[in-house]
Amino acid sequence: MTSSSLGNILLIDDNPKLLKDTLPMYGYHTDNAENGLDGIEFLEKNYKKIDLVLLDIMMPKMDGWETLKRIRESKDFSKIPVILLTAVDEDYKQISGLKIGADDYIVKPFILPNLLARIEALIRRSNWNKTNKEGFKASIEAKDNIAKLTQREMEILKMVSKGASNADIAEKLFVKEVTIKTHLNSIYKKLNVENRVQAVLLAIETQIIK
């Protein structure tokens, strides 16, 4: 393992060729484990040198869900940022991953600039949190944004966090689905996020949703 000006990334993925070939071109050093068991073993020995984990969901021996749980249960490396990689684009599964402890979620095939931007943002945020000042400032700002939500918007956000679809929420609240979409757009604007998964992640980070 060598140091990198941008960061050291552990790929826990049984088919990492694209990422192994691409990330070094953008200044990142990568190490690879082909399954969750090997990934945990690698982290136990090298966690101090890892800035971020890219974790595939579907792997032999130990899948991404169980691997993520093991990472978050560790006393040594539970704070390492983790981005989940999956071929399944389903909001409720993404939200489940966030609740287990993922920091972000990328659906394959991914758009490279999008992935690079998320990697950079997570490593930067992790470094901020290590120094406390910027991390604390960001946390205060997030809580201020959450406080802008109306009672109905908070209710909808909590239902979204449980994996409810727009149709499910509309039926439960006795309103039209378009009304729920309007509320969600308002939530995204107030929280400065782009979609429901990011909104739930922010709510989890601020402990509004657990």
(message) Take ILE204 and tell me if it is at pLDDT 90 or above, within 26 Å of ILE106 (Cβ to Cβ) and either outside any loop (DSSP other than H, G, I, E, B) or touching a Lys or Arg at 6+ places or on another chain (Cβ under 7 Å) (or both).
(response) no
(message) Please verify whether LEU84 is modelled with pLDDT under 95, within 20 Å of the chain's Cα centre (by Cα) and either crowded, with 18+ Cβ neighbours inside 10 Å or more than 13 Å from GLY97 (Cβ to Cβ) (or both), treating the condition exactly as stated.
(response) yes
(message) For a quick check of your reading of the model, give me the residue pairs whose first member lies in the range 182-194 and is within 16 Å of GLU205 (Cα to Cα), whose second is assigned to a helix (DSSP H, G or I) and open to solvent by 90 Å² or more (accessible area, probe 1.4 Å), with beta-carbon atoms closer than 9 Å and at least 6 apart or on different chains.
(response) ASN192/GLU141
(message) Conditions first: (1) under 23 Å from ALA102 (Cβ atoms); (2) in contact (Cβ under 8 Å) with a residue 12 or more places away in the chain. GLN198 passes all but one, so which condition is the exception?
(response) (2)
(request) Filter the range 24-36 down to residues that are open to solvent by less than 80 Å² (accessible area, probe 1.4 Å) and closer than 14 Å to ILE12 by Cβ and give me whichever is nearest to the chain's Cα centre (by Cα). (result) GLY36
(request) Say whether the condition of being in a helix (DSSP H, G or I), at pLDDT 85 or above, on the phi < 0 side of the Ramachandran plot and of a type outside the set (Phe, Trp, Tyr) is met by at least one residue in the range 130-151. (result) yes
(message) Anything in the range 5-16 that is of a type in the set (Gly, Ala, Ser) and part of a loop (DSSP other than H, G, I, E, B)? List them, or say none.
(response) SER5
(message) Exactly one condition in (1) over 21 Å from LEU116 (Cβ atoms); (2) surrounded by 13 or more Cβ atoms within 10 Å (Cβ to Cβ) is false for LEU52; which is it?
(response) (1)
(message) Based on this model, can you work out whether ASP14 counts as open to solvent by 20 Å² or more (accessible area, probe 1.4 Å) and on the phi < 0 side of the Ramachandran plot?
(response) yes
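The values are calculated or read from the model by the stated rules, or taken from the named source; none is laboratory data. The structure presented is a predicted model; accordingly, all values stated were derived computationally and were not measured. Cβ atoms come from the backbone with ideal geometry, glycine included; neighbour counts cover every protein chain shown. The area values use the complete protein model at the heavy-atom level, side chains included, leaving out ligands, DNA and RNA. Shrake-Rupley method; radii C 1.70, N 1.55, O 1.52, S 1.80 Å.
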